[in-house]
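A.B. asks: What follows is a single structure, and I will ask about it in a moment.
Nothing in this text is a laboratory measurement; each read-out follows from the coordinates by a stated rule. Predicted, not measured: the structure shown is a model, and the values here were computed from it. Glycine also receives a Cβ, built like all others from the backbone with ideal geometry; neighbour counts cover every protein chain displayed.
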Amino acid sequence: MTSEEEPVAALIARFRALAYPSRIAIMDALHAANGVVTEDELGRWVPEARRNLRTHLAALEKAGIIQRVAASDSWELQRTAPVEWTDDMVRGSSRLQRAVQEFERLLTQRRIDRMRQWAQERHHSWPSEWSDASTSTDYVLRMTVQEMEDLDARISAEIRRARDQARSREAAAEEETVFVTVSAFPLRLESS
């Protein structure tokens, strides 16, 4: 394997390790717990993964996405191995392109499932203040590539600020995990 092929092979391995809804749910639990959880906690938080939890954890560890905390049954996110790619890498490898498409399909399905669940539960399972504070808004804007990149940078900075603020304070009694999803992409509207 050439040095140019190594990053692509590592990415394909990461995408394949993540190509299971249960493993995506495990990653969500790790993120919600600020990066460290025990196997017992994962079993409670991700019941659909309980039966094969160790297999899922081993696959994520082998791909360099998580690691076991020394001498314990806890796992943590491996911050040194983000799942990032460039369009040039994807265009240069049909295997990576398929792996990225499958990963993005799973993430899109997860977003849809969570939005459906929220729509079904919000008025009878959640206090009104959570329902009132929630947001769901779509925009269709005219933008250049640079403007879209700038928008992404500003939104990402705000998300990081909110995450860091939550991590720096004591846990609050009224605190809940909040799912935030942001997408921006070009769209060709058919003329009528």
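A.B. asks: Farthest toward the dipole's positive end in the chain, which of 162, 173, 100, given Cβ charges of +1 (Lys, Arg) and -1 (Asp, Glu) about the Cα centre?
C.D. replies: My answer, from the dipole projection, is 100.
A.B. asks: Okay, next question. Points 7 angstrom from Cα along the Cβ direction at residue 156 and residue 107: gap in nanometres?
C.D. replies: Here the modelled spin labels are 1.1 nm apart.
A.B. asks: Separate question: Extending each Cα 7 Å along its Cβ direction at residue 58 and residue 97, get the distance between those two points in nm, one decimal.
C.D. replies: Each label point is offset 7 Å from its Cα along the Cβ direction, giving 3.4 nm.
A.B. asks: Find out how many positive minus negative residues lie around residue 159, taking Lys and Arg as positive, Asp and Glu as negative, among other residues whose Cβ is under 14 Å from that of residue 159.
C.D. replies: On the way: positive: 154, 160, 161, 163, 167; negative: 152, 158, 164.
Charge balance in the 14 Å sphere: +2.
A.B. asks: Working out 0.36 nm times the residue gap between residue 168 and residue 38, then minus their Cα-Cα distance, what length gain in nm do you get to one decimal?
C.D. replies: Details: separation 130, 0.36 × 130 = 46.80 nm, distance 2.16 nm.
Computed gain between residue 168 and residue 38 is 44.6 nm.
A.B. asks: Residue 145 to residue 123: extension gain in nm, 0.36 nm per residue of separation minus the Cα-Cα distance? Numbers along the way, then the final one.
C.D. replies: Values: separation 22, 0.36 × 22 = 7.92 nm, distance 3.88 nm.
Length gained between residue 145 and residue 123: 4.0 nm.
A.B. asks: Related question: What number comes out for the charge environment of residue 113, summing +1 per Lys or Arg and -1 per Asp or Glu over other residues with Cβ under 13 Å away?
C.D. replies: On the way: positive: 105, 110, 111, 114, 116; negative: 28, 48, 121.
Residues near residue 113 contribute +2 overall.
A.B. asks: If I model a spin label as a point 7 Å beyond the Cα along the Cα-Cβ vector, how far apart are those points for residue 135 and residue 183 in nm?
C.D. replies: 1.9
A.B. asks: Hey, another quick one. When the Debye formula is applied to the Cα atoms of the chain, each taken as the same point scatterer, what base-10 log of I(q)/I(0) results at q = 0.09, 0.12, 0.16 Å⁻¹?
C.D. replies: -0.43, -0.78, -1.35
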